[in-house]
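This report concerns only the one structure given below.
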Amino acid sequence: MTANDSAPLVVAIDGPAGAGKSTVAARVAARFGLLNLESGAMYRAFALKAIQTDSDLDDREELGRLAARTRIRLLPAAMGNRVFLDDVEVTKRIREPDVTAAASRVSVHPAIRQWMVSMQRQLGASSGIVMEGRDIGTTVFPHAQVKIFLDAAAEVRGQRRYQQNSPGAEKAESVLQELRERDRRDRTRAESPLQPAADAVIIDSTDLSLDQVVGRVEAIISEHLAERG
């Protein structure tokens, strides 16, 4: 890795929707005593702000003005992070389907991604972190000491996402269709498209349990820590 070994440890976990990044990041952060920064939660919080203000999700200039008056905070908690939008907790609200869909739309705008990257770098500058998202190892922290790209077959990711949602809220086929569309947007956007960093370790979790994935990531981090002493 290219980062200074004396710098705080940064672990970047990237991958498509439904790959299990958030759960893995939370467990790994707890295991090594690192701060878990959820980029997805930050985009979701901003998307909620856009929904609340009836902003046009496709108008980059309007969204840019909205970002200038938006404050997002993450506070560590026993199970993941608590998320605050303009000092109001929105931890549960941002997991609802309308916010999920809106987050994917607002995240394609270059100005919004640049604003978010700046905020994320500020949050991660002072302490060791685990951060998951879609462009952490390529754009946000390109010099992260440990980079993981977590992937899985679309059908498997769709089934996982379906099981996470409220029973009966959506049909499994609809969830898979939405996930495929999100994959298309993430992989083809002009700014920071979803792709593995050149030095990332790729883990395909299609046939792995959550514990197996976490174990592999922990082993990679432990190996790095042993090498840097």
Could you check segment 59-75 and list, in sequence order, the residues that are in a strand (DSSP E or B) and surrounded by 13 or more Cβ atoms within 10 Å (Cβ to Cβ)?
72, 73, 74
Give the residues of segment 113-131 that are at pLDDT below 85, assigned to a helix (DSSP H, G or I) and of a type in the set (A, V, I, L, M, F, W, C), sorted by residue number.
123
Residue check: is residue 180 part of a helix (DSSP H, G or I) and either in contact with a strand residue (DSSP E or B) (Cβ under 7 Å, 6 or more places away or on another chain) or at pLDDT below 80 (or both)?
no
Here are the criteria: (1) out of contact with any Gly (no Cβ under 9 Å at 6 or more places or on another chain); (2) surrounded by 23 or more Cβ atoms within 10 Å (Cβ to Cβ); (3) not aromatic (Phe, Trp, Tyr). Tell me which single one residue 54 does not satisfy.
(2)
Checked against (1) touching a helix residue (DSSP H, G or I) at 6+ places or on another chain (Cβ under 7 Å); (2) farther than 25 Å from residue 162 by Cα; (3) in a helix (DSSP H, G or I); (4) open to solvent by 40 Å² or more (accessible area, probe 1.4 Å), residue 185 satisfies every condition except (2)
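With respect to residue 126, is the statement that it is open to solvent by less than 50 Å² (accessible area, probe 1.4 Å) and over 15 Å from the mean Cα position of the chain (by Cα) true? Give the derivation first.
On the way: open to solvent by less than 50 Å² (accessible area, probe 1.4 Å): no; over 15 Å from the mean Cα position of the chain (by Cα): yes.
When the stated conditions are applied, residue 126 does not pass them.
Would you please name the residue that is surrounded by the most Cβ atoms within 10 Å (Cβ to Cβ), looking only at residues in segment 26-43 that are within 9 Å of the chain's Cα centre (by Cα) and either acidic (Asp, Glu) or outside any strand (DSSP E or B) (or both)? If you could, list the steps in order and put the result at the bottom.
We begin by selecting, within segment 26-43, every residue within 9 Å of the chain's Cα centre (by Cα); these are 37-43.
Still in the running and either acidic (Asp, Glu) or outside any strand (DSSP E or B) (or both): 38-43.
Values: 38: 24, 39: 28, 40: 19, 41: 24, 42: 24, 43: 25.
Residue satisfying both the conditions and the ranking: 39.
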Restricting attention to segment 76-86, report how many residues are modelled with pLDDT of 95 or more and either acidic (Asp, Glu) or in a loop (DSSP other than H, G, I, E, B) (or both).
1
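If you take the residues in segment 88-117 that are in contact with a strand residue (DSSP E or B) (Cβ under 8 Å, 6 or more places away or on another chain) and farther than 21 Å from residue 183 by Cα, which one is most open to solvent (accessible area, probe 1.4 Å)? Walk me through it before giving the result.
Within segment 88-117, the first condition is being in contact with a strand residue (DSSP E or B) (Cβ under 8 Å, 6 or more places away or on another chain), and the residues that meet it are 89-91, 94.
Now drop any that are not farther than 21 Å from residue 183 by Cα, which leaves 89-91.
Values: 89: 84, 90: 11, 91: 36 Å².
Only one residue tops the list, namely 89.
How many of the residues in segment 92-112 are part of a loop (DSSP other than H, G, I, E, B) and touching a residue at least 12 places away in the same chain (Cβ under 8 Å)?
Kept after step one, since they are part of a loop (DSSP other than H, G, I, E, B), are these residues of segment 92-112: 92, 96, 107-109.
Filter again for touching a residue at least 12 places away in the same chain (Cβ under 8 Å), leaving 107-109.
Of the residues in segment 92-112, 3 are part of a loop (DSSP other than H, G, I, E, B) and touching a residue at least 12 places away in the same chain (Cβ under 8 Å).
The values are calculated or read from the model by the stated rules, or taken from the named source; none is laboratory data. Not measured: the values here are computed from a predicted model. With ideal geometry, Cβ positions are generated from the backbone for all residues, glycine too; neighbour counts draw on all protein chains shown. To get the accessible areas, we keep the full protein, side chains included, count just its heavy atoms, and leave off ligands, DNA and RNA. Shrake-Rupley method; radii C 1.70, N 1.55, O 1.52, S 1.80 Å.
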